[in-house]
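Undergrad: Here it is, the structure in full.
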Amino acid sequence: MNTRPAVADLAPSGKLRAAINFGNPILAVKDDASGEPRGVSVDLARELAKRLGVPLEMVYFNAAGKVVEGLKSNAWDVAFFAIDPDRAADIESTAAHVVIEGSYLVREDSPIRNNAEVDREGVRIAVGKGSVYDLYLSREIKKAKLVRAPTSPLVTNLMVKESLEVAAGITQQLEADARRIPGLRLLPGRFMVINQAMAMPKGRTEGARYLAQFVEEMKASGFVAASLKRHGIENAKVGPLAAP
């Protein structure tokens with residue numbers, strides 16, 4: 001791919017500023033031993049900077065909502081978060097490079113047995129503020145009440161502390177929470193599919209075209225699959241190739 005037309009859009013300062021969100025452990029975490037960032041988002045950011053021929057600066061966040069807020073202050077050039085119509089006005093997203101699922105977590109003795117029973121009067125659902133499932137459930141939930149945690153990794157802690165009926169989040173995170181905290185169980189199935197994509201500010205046409213092609217090449221070449229495997233990410237799928 002020709003990089004010259006895209007560099008001005010993707011790295012206007014001469015370096016690529018990539019927003020790395022530690023609020024989604026499927027995409028990025030800090031290594032326990034070194035403290036360095038790792039994950040598929042980090043790998044893709046490094047590869048993109050390499051192909052553009054510019055230095056990489058990683059800008060760290062602990063929640064997807066804060067990444068979106070960072071757009072207003074021009075804090076980043078590219079980012080990694082889920083596709084959602086509420087974000088489309090200001091953000092240009094590629095096709096999904098990773099597909100994950102959203103699930104519900106309840107107490108072992110909860111009378112709620114399936115996803116259809118969650119949206120009822122008196123049910124309070126813990127969600128990560130500004131997360132894609134917060135946006136989705138804000139549109140879809142009619143009777144239950146959403147209670148927002150500052151970040152997605154704190155959702156289950158909030159549920160337990162406030163004695164809430166349900167926690168909503170990424171399946172893998174909730175599975176880990178259920179292992180960490182006794183007396184919790186996941187409801188069967190999923191309440192939504194979460195399409196994780198690369199994104200950039202709207203209106204940068206050449207950069208958006210390049211980024212879309214980059215993501216498709218990273219999927220088709222096996223780069224994304226290899227990255228997920230290397231970082232021990234299970235139950236997350238590589239996004240399907242976009243139609244030509």
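Undergrad: What nm distance separates the two modelled labels at Gln213 and Asn157, each placed 7 Å from Cα along Cα→Cβ?
TA: Taking the simple label geometry, Gln213 and Asn157 are separated by 4.4 nm.
Undergrad: Taking 0.36 nm per residue of sequence separation and subtracting the Cα-Cα distance, how much length would be gained by fully extending the chain between Asn74 and Ala220, in nm to one decimal?
TA: That pair, Asn74 and Ala220, stretches by 49.4 nm at full extension.
Undergrad: Here is a follow-up. Taking a ≥ b ≥ c as the square roots of the Cα gyration tensor eigenvalues, with a/c under 1.5 meaning rounded and otherwise prolate when a/b beats b/c, else oblate, which class fits the range 139-244?
TA: Working: a/c = 2.65, a/b = 1.77, b/c = 1.50.
Note, shape of the range 139-244 comes out prolate.
Undergrad: Give me the count of lysine pairs in the chain whose alpha carbons sit under 15 angstrom apart, restricted to pairs 8 or more positions apart or on different chains.
TA: Count of close lysine pairs: 7.
Undergrad: If each residue of separation counts as 0.36 nm, what is the full-extension length gain between Lys30 and Glu117 once their alpha-carbon separation is subtracted?
TA: Taking Lys30 through Glu117 to full extension adds about 27.7 nm, to one decimal.
Undergrad: Give the long-range amide H neighbours of Met58: residues separated by 5 or more places, or on another chain, with amide H under 5 Å away, using H modelled in the peptide plane at 1.01 Å from N.
TA: Distant-sequence amide H within range of Met58: Ala18.
Undergrad: Packing-wise, with mean Cβ within 10 Å as the measure, how do 18-31, 115-128 rank, highest first?
TA: 18-31, 115-128
Undergrad: Provide the per-residue ³J(HN,Hα) series for the range 95-112, in order, calculated from phi with Karplus coefficients 6.51, -1.76, 1.60 and θ = phi - 60°, each as a whole number of Hz, with x at glycine and proline positions.
TA: Karplus-based 3J(HN,Hα) across the range 95-112 equals 5, 5, 9, 9, 10, 10, 10, x, 10, 10, 10, 9, 6, 4, 8, 5, x, 6 Hz.
Undergrad: With θ set to phi - 60°, apply the Karplus curve 6.51 cos²θ - 1.76 cosθ + 1.60 along the range 18-26 and write out the HN-Hα couplings as whole Hz, x wherever there is a Gly or Pro.
TA: Once rounded to whole Hz, the list reads 9, 7, 10, 9, 7, x, 10, x, 5.
Undergrad: Here's something else I'd like to know. How big is the antiparallel share of DSSP beta bridges in the chain, given as a percent to the nearest 5?
TA: 60
Undergrad: In whole Å, what is the distance between the alpha-carbon centres of the range 1-78 and the range 108-138?
TA: Their Cα centres are 31 Å away from one another.
Undergrad: Counting only Cα, what are the radius of gyration and maximum Cα-Cα distance Dmax of the range 55-150, in Å?
TA: Answer for the range 55-150, Rg first and Dmax second: 16.0, 53 Å.
Undergrad: Between Val98 and residues 5 or more places away or on another chain, which pairs have amide H atoms under 5 Å apart, with H built 1.01 Å from N, and which residues are they?
TA: Those lying under 5 Å, H to H, from Val98 are Gln196, Gly239.
Undergrad: Classify the range 101-192 as rounded, prolate or oblate from the Cα gyration tensor: take a ≥ b ≥ c as the square roots of its eigenvalues, call it rounded if a/c is under 1.5, otherwise prolate when a/b beats b/c and oblate if not. Spell out each step's value before the answer.
TA: Values: a/c = 1.31, a/b = 1.11, b/c = 1.18.
Rounded, because the longest to shortest axis ratio a/c is under 1.5.
Undergrad: Sticking with this structure for a sec: Ignoring solvent entirely, what values of log10 I(q)/I(0) come out of the Debye formula for the chain at 0.10 Å⁻¹ when each Cα is a single scatterer?
TA: Values, matching the q order: -0.48.
Undergrad: Can you tell me what share of the DSSP beta bridges in the range 101-192 is antiparallel? A percent to the nearest 5 is fine.
TA: Working: 8 of 15 bridges.
For the range 101-192, the DSSP antiparallel bridge percentage is about 55.
Coordinate-derived values only; no laboratory data. Predicted model, so just to flag it, every value in this text is computed and none were measured. Positions of Cβ are generated from backbone atoms using ideal geometry, with glycine treated the same way; all protein chains shown enter the neighbour counts.
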